[in-house]
1. Can you give the direction-averaged projected area of the convex hull of the alpha-carbon atoms in segment 159-253, in nm²?
2. For the chain, set up a Gaussian network in which alpha carbons nearer than 10 Å are linked by springs, and say which option among 221, 174, 109 fluctuates the most.
3. Which residue fluctuates the most in the chain, going by a Gaussian network model with Cα springs under 10 Å, if the choices are 20, 132, 172?
4. Evaluate the relative contact order of the chain (contact order divided by residue number), counting alpha-carbon pairs under 8 angstrom at least 6 apart; express in whole percent.
5. Testing the spin-label approximation: label points 7 Å from Cα along Cα→Cβ at residue 125 and residue 232. State their distance in nm.
6. Note down the relative contact order for segment 159-253 as a percent, whole number, built from C-alpha pairs under 8 angstrom at least six residues apart.
7. Relative contact order for segment 4-148: what is it in percent, counting Cα pairs under 8 Å that are at least 6 residues apart?
8. Multiply the residue gap between residue 58 and residue 112 by 0.36 nm, knock off their C-alpha separation, and tell me the result in nm, one decimal place.
């Protein structure tokens, strides 16, 4: 394993390679299959995952990988060591199927329950966010990377990124609880990195997610100066094998 400060850039390159494979399949009317939990999966998910697993196996031999589609088909392990990767080859498959642009490729390195490195790519825009040297970076279409940072909470103009399917009464309850002003529906882990780059302020999630859904975005947001905490203010931890790698509620927040 190379220095963890450098792993994020390696993961960014792998995400970008997967994106090049996935993007030509977008808006092509791919057959949508139902997984055991009734969530959708397409050939893009499967091809992207195969490429990512091949690259990780070559670059980081011996480091375990927990990946969404493999976990869906074969189940999650009963135990996991202190160091492993979490992979979601297409986060936001429903958006991908609808033809919406908010889907992402995600890889995170977990060490002792914390996401120490990660990369998130948005294939339709060519944007990649990744961790490097304790900072969050962004590059577009392979160009020069620039650091990104959360913005201070803009009183009266705070933007919350929420689910497309959120009911009006739930949205109002969250507005009252967290004090944001402008709810904006958005799919996938791109919510984390939009907060990380200062384009939004909060993502309250009072609903189920899996560890691979959020770990990469969590890593980027944290190194951009933000936080991902439980509603009680405790850290969100990873490697919860006993819970099938499911997350509880959390709040992702900028400055």
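The numbers here are math on the coordinates, done by the rules we state, and not lab data. Just so we're clear, the structure is a prediction, and the values are computed from it rather than from any experiment. Here the Cβ positions follow ideal geometry from the backbone for every residue, glycine too, while neighbour counts run over all protein chains shown.
1. Numbers: hull surface 23.2 nm².
Computing the convex hull of the Cα atoms and averaging its projections yields 5.8 nm².
2. Result: 174 has the largest fluctuation of those listed.
3. Among 20, 132, 172, the largest mean-square fluctuation in the Gaussian network model of the chain belongs to 172.
4. Working: 570 pairs, mean separation 50.0, N = 255.
The normalised contact order for the chain reaches 20 percent.
5. 3.6 nm
6. Numbers: 143 pairs, mean separation 28.4, N = 95.
Over segment 159-253, the number comes to 30 percent.
7. Numbers: 272 pairs, mean separation 39.1, N = 145.
Over segment 4-148, the number comes to 27 percent.
8. Working: separation 54, 0.36 × 54 = 19.44 nm, distance 2.27 nm.
Here the answer is 17.2 nm.
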